[in-house]
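The values are calculated or read from the model by the stated rules, or taken from the named source; none is laboratory data. Here the structure is a predicted model, which means the values were calculated and not measured. Please note: Cβ atoms are built from the backbone with ideal geometry, for glycine as well, and neighbour counts cover all protein chains shown.
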């Protein structure tokens, strides 16, 4: 469902400041992988002005017309970075960032936003902990306009069987536990049609092991990411269970 006023996504990597304190080479390797992963997954989408991507330092800015066209590729970015032990925290809001045209020269380029889309994306991204993919309330409501029951957790549970395919990315959009916005349960991969997708158990164990070496201020990011894995796993399994129940009922009715 294309959005008339588009979207803006902003995200940055967790822990890069600490990596630089430890070693500039360590930080560079993380950033190099980050840039390569984003490039490989998003380059084919940047064929015209409908989508723009800007990488700078440890930050990623994406804006364009259709949020549904980019959520899947961004999910792939998140998962591949996670496999590399690189953690991205980001947020997507309604409204495409707009820049004021400015006179530029070869070595002096300008980026002056003239609306609040980027500021809202940054503010939402900074409002939580962990490697999360947040979605603003307004954009979440628009994305779920054709399945309004899914705007609540209980609504999704009661109406999981509504005709949308198992791989629909809309099934991964869920209210935050705090109820202030939505988030993407990206550990349940949107193209994952079998039980052999993301290894939830190993993912949680890896984060818990790493967190044992960290200070409390850092541990909170790992704890929140573990909780996100748990929610992804819960919705994955409950949805498959609902599909199996529906299939069994259809078989008995023949």
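Quick notes on this structure:
- Flag if residue 123 is out of contact with any helix residue (DSSP H, G or I) (no Cβ under 7 Å at 6 or more places or on another chain) and at positive phi: no
- Pair list, Cβ under 8 Å, 6 or more apart: region 235-247 residue in contact (Cβ under 8 Å) with a residue 60 or more places away in the chain, other residue assigned to a helix (DSSP H, G or I): 235/156; 235/171; 235/172; 238/157; 239/171
- Single unsatisfied condition, residue 154 versus (1) touching a strand residue (DSSP E or B) at 6+ places or on another chain (Cβ under 6 Å); (2) closer than 30 Å to residue 238 by Cβ; (3) outside any strand (DSSP E or B): (1)
- Residue check, residue 51 farther than 19 Å from residue 81 by Cα, crowded, with 17+ Cβ neighbours inside 10 Å and in contact with a helix residue (DSSP H, G or I) (Cβ under 9 Å, 6 or more places away or on another chain): yes
- Scanning region 11-69 for residues that are in contact (Cβ under 8 Å) with a residue 24 or more places away in the chain, outside any helix (DSSP H, G or I) and within 27 Å of residue 210 (Cα to Cα) turns up 11, 12, 13, 14, 15, 57, 58, 59, 60.
- Taken together, 97, 77 contain a single residue that is outside any helix (DSSP H, G or I), in contact with a helix residue (DSSP H, G or I) (Cβ under 7 Å, 6 or more places away or on another chain) and in contact (Cβ under 8 Å) with a residue 24 or more places away in the chain, which is 97.
- Scope region 103-143; condition assigned to a strand (DSSP E or B) and crowded, with 19+ Cβ neighbours inside 10 Å; matching residues: 133, 134, 135
- Of 254, 223, 244, all but one fail to be at pLDDT below 95, out of contact with any strand residue (DSSP E or B) (no Cβ under 8 Å at 6 or more places or on another chain) and either in a helix (DSSP H, G or I) or at positive phi (or both); the exception is 244.
- Of the residues screened, residue 90 is one that is surrounded by 15 or more Cβ atoms within 10 Å (Cβ to Cβ), in contact (Cβ under 8 Å) with a residue 12 or more places away in the chain and not in a helix (DSSP H, G or I).
- Residue in region 209-219 that is part of a helix (DSSP H, G or I) and touching a helix residue (DSSP H, G or I) at 6+ places or on another chain (Cβ under 6 Å) present: yes
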